[in-house]
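Below is the structure I would like to discuss, written out as structure tokens.
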Amino acid sequence: MSEETLIQSEQLFRSLIEHSTDSLLLLTTDGTITYASPATADLAGYTPKELVGLNSTTLLHPDDQQKLREQLTYAARRVEKPFVLEYRLQRKDGRWRWIEGTITNLLHQPQVRAIVCKQHDISKYKQSLACEQAAREAAQTQAEQFAAIFEAMTDGVAVCDDQGCIIHTNAAFRTLFSLDKDASPVLLFPDERAKWAIPRDLDGVLLPQDQWPLFRVLHGEHLSGQETISLICRSRSGQDLFLDVRGTPLCDTAGQIIGGVAVYRDVTERHLLEQQLQDSERKFRSIIDSNIVGVMVTDQDGHMYEVNGRLTRLLGYSREELVGGTLRVKDVLAPQYHSVRTRSWKTLITHGSSLPEEKVYVNKNGTQIPALVVATAINQMRDRALVMILDIADRKEAERRKDEFLSMVSHELRTPLTGIQGFLELAQLYVERLAKTSAEMGRLSGKLNTMLQQAQRQTEIEIRLVAELLDVSRIEMQKFEVHLRPCNLSAIVQQVVANQQVASARTITLTLPLQPTVPVTADADRIEQALTNYLTNAFKYTPSHQTIQVKLTVAGNMARVSVCDQGPGLTVEQQEHIWDRFYQTHHSSYHNLGGGLGLGLYIVRTIIAQHQGQVGVESSPGQGATFWFMLPLADEPAAMSPA
């Protein structure tokens, strides 16, 4: 080739290099720049003259400098085998650019004798990669969040493919349908589900497959709002589930349905509650319509919202007069029971219902109607109640006649018994005088005195029984009175225990509180009667050689008196009836001890109730029994009666 041709060729290549958009550097093996193409100025911000003589590593990021040195050393051993290197280059204005350099060893070529580095700016590419990476990470994070939300949802969720095969379920779905966490996907295929999870409508009729929720959404239906499906489905364990199901199809970018999602909400409990409510409403309506008892729905102020025919006939008012009119419950209730109604409402608000109690209502014509009344709240606020009123006028009349008979019999029995007791005491006095006349008379009088004492004890028992009958008669005729005054309960208990120890010759232990005075407002005689009845009961059932324990304790604002016996104990059923009139337990081993009418505990309960106190028993078969009563402590301990 001629010299002219070589010159032309060199000029051609120089022109190509100088007009190329890629930067071209010629480097020595230590990285010193011996030539920089004009395009380098756009890339690095330096003119070619400024770059020539600089070590190229000084333009690089500190983290990339050593890597370039190593690559130049490596390139010096690789002839004409280019390799690519990425590094960060700092422009003259201080900005950093990502550069891709292609390095080729042309040291052996006489015309070059350098390592050639062709560079181009890849900053935008790097930025796009960073954006893509950030987007992938964000998408991954979002996917993980969605997966966590999917698993945490309390409603069961199932996702199916375009064939209706379930491909994803959450934990709530698997729990709802009694599936294992790693349940086989085969179980979720339509044909397999048909064996254990066939949906039914609320009437129990099986639904055809094209009416199953997932198949409906695969046909393009959106199940939400008014289109939500209510159905019955069976779990794999065989339990019937009442479900509300919502769903929507899943589509690709072209709008083609590629699957579906269904959300299953378990409303079994709500359905059962609705059924119970419907049953309650039917029962409520049947009670109202039965006309066996009077029924009203009322509030605390006495407004009446519902009444049945039986109540209108009982009170003599029309339904219109009672419901929506000016009449209130207090207008048809005897005045003395207004405070009782107030107390009943407090109980109802606290406990949701009131105990059965007797009241007197007033008919429109003025006739008083005794009734047994019970009420229960019918809403969560407990401001409305269903009140049932049973007319007990006939029963009250029968009880009045019986009580009059008992009163008459008691008085008729008491008069001769008092006389008999007096004559027995007089006879004992004469016997004692005869005993002093001679030894023989003393022996005979001793026998007579023993018989007279037995007769005296039997007479005292009969007098006690008659007294109980009289008390019951007074209670039933509402003439049983207590006379309250400040008392020392401790003194009353001590006096009763001392008297009973002398009269019964039994061993009684007494436990008292540290304070000598236990102030109460009470009728001392009636409290003595109540405690005596407890002790009489204990004497009857405790073997004579065993001890009876009496305790008086104070807790808070209440005083508690208890009597513990060593008898046969009581069953739960006996404890429920022990306070009833004429109720007696049946223990064959104790029938010869004192007798009784089953009225003592009934009278105790009445006495304590009139003192605003409480009674109770703690017992179990074979463990004896502890009968107790509680009285409120008095506010003022001053000016108390000692007994």
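Out of the range 233-260, which residues are out of contact with any Phe, Trp or Tyr (no Cβ under 6 Å at 6 or more places or on another chain) and among the β-branched types (Val, Ile, Thr)?
Residues satisfying the conditions are Thr248, Thr253, Ile257, Ile258.
For the range 492-539, name all the residues that are in a loop (DSSP other than H, G, I, E, B) and among the hydrophobic types (A, V, I, L, M, F, W, C).
Just the residues of the range 492-539 that are in a loop (DSSP other than H, G, I, E, B), to begin with: 505-507, 512-518, 523.
Of everything in the range 492-539, those that are in a loop (DSSP other than H, G, I, E, B) and among the hydrophobic types (A, V, I, L, M, F, W, C) turn out to be Ala505, Leu512, Leu514, Val518.
Could we say that Arg343 is among the charged types (D, E, K, R), within 32 Å of the chain's Cα centre (by Cα) and either farther than 30 Å from Glu227 by Cα or open to solvent by less than 20 Å² (accessible area, probe 1.4 Å) (or both) here? Can you show your working first?
Details: among the charged types (D, E, K, R): yes; within 32 Å of the chain's Cα centre (by Cα): yes; either farther than 30 Å from Glu227 by Cα or open to solvent by less than 20 Å² (accessible area, probe 1.4 Å) (or both): yes.
Considered against the rule, which asks whether it is among the charged types (D, E, K, R), within 32 Å of the chain's Cα centre (by Cα) and either farther than 30 Å from Glu227 by Cα or open to solvent by less than 20 Å² (accessible area, probe 1.4 Å) (or both), Arg343 comes out as yes.
To continue, here is another question. Checking Ile258 against (1) free of Cβ contacts under 8 Å to residues at least 24 places away in the same chain; (2) open to solvent by 80 Å² or more (accessible area, probe 1.4 Å); (3) of a type outside the set (Asp, Glu), only one condition comes out false. Which one?
(1)
In this structure, is Ala130 outside any strand (DSSP E or B) and in contact with a Ser or Thr (Cβ under 9 Å, 6 or more places away or on another chain)? Please lay out each step first, then the result.
Numbers: outside any strand (DSSP E or B): yes; in contact with a Ser or Thr (Cβ under 9 Å, 6 or more places away or on another chain): no.
So Ala130 does not fit the description; no.
Can you tell me which condition Asp299 does not meet? The list is (1) of a type in the set (Asp, Glu); (2) open to solvent by 60 Å² or more (accessible area, probe 1.4 Å); (3) in contact (Cβ under 8 Å) with a residue 24 or more places away in the chain, and all the others hold.
Exception for Asp299: condition (2).
Looking at (1) at pLDDT below 90; (2) farther than 20 Å from Pro48 by Cβ; (3) open to solvent by 20 Å² or more (accessible area, probe 1.4 Å); (4) in contact with a Lys or Arg (Cβ under 9 Å, 6 or more places away or on another chain), which one does Thr73 not meet, given that it meets all the others?
(4)
Does Gln140 satisfy the criteria of being free of Cβ contacts under 8 Å to residues at least 60 places away in the same chain, surrounded by 10 or more Cβ atoms within 10 Å (Cβ to Cβ) and under 60 Å from the mean Cα position of the chain (by Cα)?
Working: free of Cβ contacts under 8 Å to residues at least 60 places away in the same chain: yes; surrounded by 10 or more Cβ atoms within 10 Å (Cβ to Cβ): yes; under 60 Å from the mean Cα position of the chain (by Cα): yes.
So Gln140 passes the test.
Right, next: Can you confirm whether Ala44 is in contact (Cβ under 8 Å) with a residue 12 or more places away in the chain and either open to solvent by 60 Å² or more (accessible area, probe 1.4 Å) or more than 20 Å from Lys124 (Cα to Cα) (or both)?
Values: in contact (Cβ under 8 Å) with a residue 12 or more places away in the chain: yes; either open to solvent by 60 Å² or more (accessible area, probe 1.4 Å) or more than 20 Å from Lys124 (Cα to Cα) (or both): no.
Here the answer is no, as Ala44 does not meet what is asked.
Restricting the first residue to the range 115-133 and requiring it to be touching a residue at least 60 places away in the same chain (Cβ under 8 Å), which pairs with a second residue that is open to solvent by 50 Å² or more (accessible area, probe 1.4 Å) and among the basic types (Lys, Arg) meet a Cβ separation below 6 Å and a spacing of at least six or different chains?
Listed pairs, sorted by first residue: Asp121/Arg97.
Give the residue, chosen from Thr154, Thr169, that is β-branched (Val, Ile, Thr), open to solvent by less than 60 Å² (accessible area, probe 1.4 Å) and under 17 Å from Arg246 (Cβ atoms).
Numbers: Thr154 fails: open to solvent by less than 60 Å² (accessible area, probe 1.4 Å).
Exactly one of Thr154, Thr169 is β-branched (Val, Ile, Thr), open to solvent by less than 60 Å² (accessible area, probe 1.4 Å) and under 17 Å from Arg246 (Cβ atoms), namely Thr169.
Identify the residue in the range 188-214 that is open to solvent by less than 30 Å² (accessible area, probe 1.4 Å) and not aliphatic (A, V, I, L, M) and, among all such residues, is nearest to the chain's Cα centre (by Cα).
Let us first name the residues in the range 188-214 that are open to solvent by less than 30 Å² (accessible area, probe 1.4 Å), namely 188, 190, 193, 197, 199, 212-214.
Narrowing the set further to residues that are not aliphatic (A, V, I, L, M) leaves 190, 193, 199, 212-213.
Details: Pro190: 40, Arg193: 36, Pro199: 32, Trp212: 36, Pro213: 34 Å.
Only one residue fits best here, namely Pro199.
A follow-up question, please. For the range 76-112: of the residues being of a type in the set (Val, Ile, Thr) and open to solvent by less than 70 Å² (accessible area, probe 1.4 Å), which is nearest to Leu60 (Cα to Cα)? Before you say what the answer is, go through the steps one by one.
Residues of the range 76-112 that are of a type in the set (Val, Ile, Thr), as a first pass: 79, 84, 99, 102-104, 112.
Filter once more, keeping what is open to solvent by less than 70 Å² (accessible area, probe 1.4 Å): 99, 102-104, 112.
Details: Ile99: 10, Thr102: 15, Ile103: 15, Thr104: 19, Val112: 24 Å.
Applying the filter and picking the extreme gives Ile99.
Please work out which residue is farthest from Leu386 (Cα to Cα), limiting yourself to the range 262-288 and to residues that are in a strand (DSSP E or B) and open to solvent by less than 30 Å² (accessible area, probe 1.4 Å). If you could, list the steps in order and put the result at the bottom.
Our first condition is that a residue be in a strand (DSSP E or B); within the range 262-288, this holds for 262-266.
Among the residues that remain, those that are also open to solvent by less than 30 Å² (accessible area, probe 1.4 Å) are: 262-264.
Values: Ala262: 44, Val263: 41, Tyr264: 38 Å.
Across the range 262-288, the extreme among qualifying residues is Ala262.
Here is a further query. So which residues in the range 573-615 are among the aliphatic types (A, V, I, L, M) and either over 19 Å from Glu528 (Cα atoms) or modelled with pLDDT under 60 (or both), if there are any at all? Steps first, please.
First pass over the range 573-615, keeping only residues among the aliphatic types (A, V, I, L, M): 578, 593, 597, 599, 601, 603-604, 607-609, 615.
Hits for the range 573-615 are Ile578, Leu593, Leu597.
Got a number for residues in the range 121-162 being under 24 Å from Gln71 (Cβ atoms) and in contact with a helix residue (DSSP H, G or I) (Cβ under 8 Å, 6 or more places away or on another chain)?
1
The values are calculated or read from the model by the stated rules, or taken from the named source; none is laboratory data. Owing to the predicted nature of the structure, the values given are computational and were not obtained by experimental measurement. Heads up, the Cβs are rebuilt from the backbone with ideal geometry, glycines too, and the neighbour counts pull from every protein chain shown. Only protein heavy atoms, including side chains, enter the accessible area calculation; ligands, DNA and RNA are left aside. Shrake-Rupley method; radii C 1.70, N 1.55, O 1.52, S 1.80 Å.
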